[in-house]
Amino acid sequence: MDKSLMEGLQKLHAANQAEVQMGQMGEQMAQDPQVKQFAKQMVDDHGKNDQQLTSMAQTMGVQLTGKAFEDKQKDHQKEMQKVQGKSGAEFDKAYMDRMVKDHEKDVKEVDKLAKKAKDAKQTELASMLEQTHSKMQSHLDMAKQIQKSTKNEAKSASSGSSSSMGTGSSSSGSSSTSGSDSSSKSQGTGSSKSTSPGTSSPSTSSGSSGTSGGSDTTK
């Protein structure tokens, strides 16, 4: 078998295993039900595809573990650790962003592999790779749709936390304002109490005498 074709199959083997691992992590850590469902589908679909690939490689006498496999596996492990450090809506967004990038790359690579297999007269392998390409393309389309909703959720979560912080600071500001108001009110009340004995009696008596005077005139 052509060396580039064999290396391509090794990379596909590593990609399948990585998608299964990432999918298992997504099932456990995802917050959005859509993301959880997508992660489960990745475990199922890439698990089945890898079984088909392994079985065909054994029949053809092709070794799927080699330098190309190991290099691809290391790259995926690094990316997986980045996503693993997130939680909640941020995890959902990071996971779906990773799925879109991975599948965009995998779709192109598998398409090239299928053409190489066809050129090499590996009809059965070419057929399997074409089916894999079709499946991965549907994964990519689905991932892009879910990615949009996770971006909106992450923005909402971010704006929600910032607005709650703003509310906290404004409420503390209002409490200090109310505090100053109440202190000024109490000062005002105190001063009115001290002046009331001197002013209220004359005004009340003059008011009542004025009223009685008015009523006498009417009589």
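The values are calculated or read from the model by the stated rules, or taken from the named source; none is laboratory data. Since this is a predicted model, take the numbers as computed values, not measurements. Don't worry about glycine lacking a Cβ; one is built from the backbone with ideal geometry, like all the others, and counts go over all protein chains shown.
Looking at Glu130, Glu104, which one is within 18 Å of Gly47 (Cα to Cα) and without any contact (Cβ under 8 Å) to a residue 40 or more places away in the chain?
Only one candidate qualifies: Glu130.
Results for (1) among the charged types (D, E, K, R); (2) modelled with pLDDT of 95 or more; (3) under 17 Å from Lys40 (Cα atoms), shown as yes or no for each residue.
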{"position": "Asp75", "(1), (2), (3)": "yes, no, no"}
{"position": "Met99", "(1), (2), (3)": "no, yes, yes"}
{"position": "Lys121", "(1), (2), (3)": "yes, no, no"}
{"position": "Ser134", "(1), (2), (3)": "no, yes, no"}
{"position": "Leu140", "(1), (2), (3)": "no, yes, yes"}
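Looking at the structure I just gave you, is Gln51 in contact (Cβ under 8 Å) with a residue 60 or more places away in the chain and either in a helix (DSSP H, G or I) or buried (at least 16 other Cβ atoms within 10 Å of the Cβ) (or both)?
No; evaluated as a whole, the condition is false for this residue.
Which of the numbered conditions does Gln31 fail, given that it passes all the others? Conditions: (1) surrounded by fewer than 19 Cβ atoms within 10 Å (Cβ to Cβ); (2) in a helix (DSSP H, G or I); (3) not hydroxyl-bearing (Ser, Thr, Tyr).
Evaluating Gln31 over (1) surrounded by fewer than 19 Cβ atoms within 10 Å (Cβ to Cβ); (2) in a helix (DSSP H, G or I); (3) not hydroxyl-bearing (Ser, Thr, Tyr) leaves (2) as the failure.
Could you please find all residues in the range 55-65 being surrounded by fewer than 15 Cβ atoms within 10 Å (Cβ to Cβ) and either outside any helix (DSSP H, G or I) or touching a residue at least 40 places away in the same chain (Cβ under 8 Å) (or both)?
Answer for the range 55-65, where residues must be surrounded by fewer than 15 Cβ atoms within 10 Å (Cβ to Cβ) and either outside any helix (DSSP H, G or I) or touching a residue at least 40 places away in the same chain (Cβ under 8 Å) (or both): Met60, Gly61, Gln63, Thr65.
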